[in-house]
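Shown next, in structure tokens, is the structure this report addresses.
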Amino acid sequence: MPENPEPRRLTRTELADTHGIPAKTLERWWSDRENNGHPPAERQGRTLTWDSAEWEAWHRHRQDTVGPAEFAKILGHKDNSWVTKAAAAPPPGFPEPVEWGDTVNRRRPKWRRTDAQTFADNRTRNSPPPGAGRPTGSRAGTAYEGDERLTAAIKSLTDHPDDRPARHIERLHQLHPGTSASGWTKILKAARDQQTP
């Protein structure tokens, strides 16, 4: 047996089978390699292969835990206020923390990095953009029905009825970063419509 055997190389299909990860997820990670540090590939004919040990070390690193600040960075948020609120009242698909720094009061949550990244990936690719409202032609409910931003906008209008729209938008953006001013304008209009008897 040679002292320095060639590194074992796996195709994407072999990685998927070995680690139980859907091939589509592996494709997404590879496409985002500039941001996530994915190991380089070698081309064998028309097939990409990866050093098995190098890929596994990278994947283990992705499986470590992250707190609200790191989770917020993964989502592209400037602060962790949205993540902290989501831990207390999870939106659909939001991952359950794997541990709490303070288990009695359920504070200082931590998530697996992979869970946070999966939520971010799915939110980016499958969720409508902020402010999208209902699909065209939808009759059920009202625009932004079930959207926590609508609830926040109604509360802002109720608690501060004399504030200018710009002040409401500033306040709401602090609570829920990531929505544009024009998006908040639409949400505030929907909130006012709900308040109209």
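The values are calculated or read from the model by the stated rules, or taken from the named source; none is laboratory data. Since the structure is predicted, the reported quantities are computational estimates derived from the model, not experimental observations. Using ideal geometry, Cβ is built from the backbone for each residue, glycine included, and neighbour counts are taken over all protein chains shown. The protein model used for the area step is the full one, side chains on, heavy atoms only, and it has no ligands, DNA or RNA in it. Shrake-Rupley method; radii C 1.70, N 1.55, O 1.52, S 1.80 Å.
Counting heavy atoms of the protein chains alone, LYS189 has an accessible area of about 120 Å² for a 1.4 Å probe. The HIS61 and ASP163 beta-carbon pair, evaluated with R₀ = 41 Å, returns a calculated FRET efficiency of approximately 0.35. Each Lys or Arg adds one and each Asp or Glu subtracts one; over the other residues with Cβ under 11 Å from the Cβ of PRO97, this totals +2. In terms of its C-alpha gyration tensor, the stretch 145-194 comes out rounded, because the ratio a/c of the largest to the smallest axis stays below 1.5.
Among the listed pairs LYS73/LYS110; LYS24/LYS110; LYS85/LYS186; LYS73/LYS155; LYS78/LYS155, give every one whose C-alpha distance is greater than 19 Å. LYS24/LYS110; LYS85/LYS186; LYS73/LYS155; LYS78/LYS155, as the Cα separations exceed 19 Å there.
Computed over protein heavy atoms with a 1.4 Å probe, the carbon and sulfur contribution to the accessible area of the stretch 29-94 reaches 47%.
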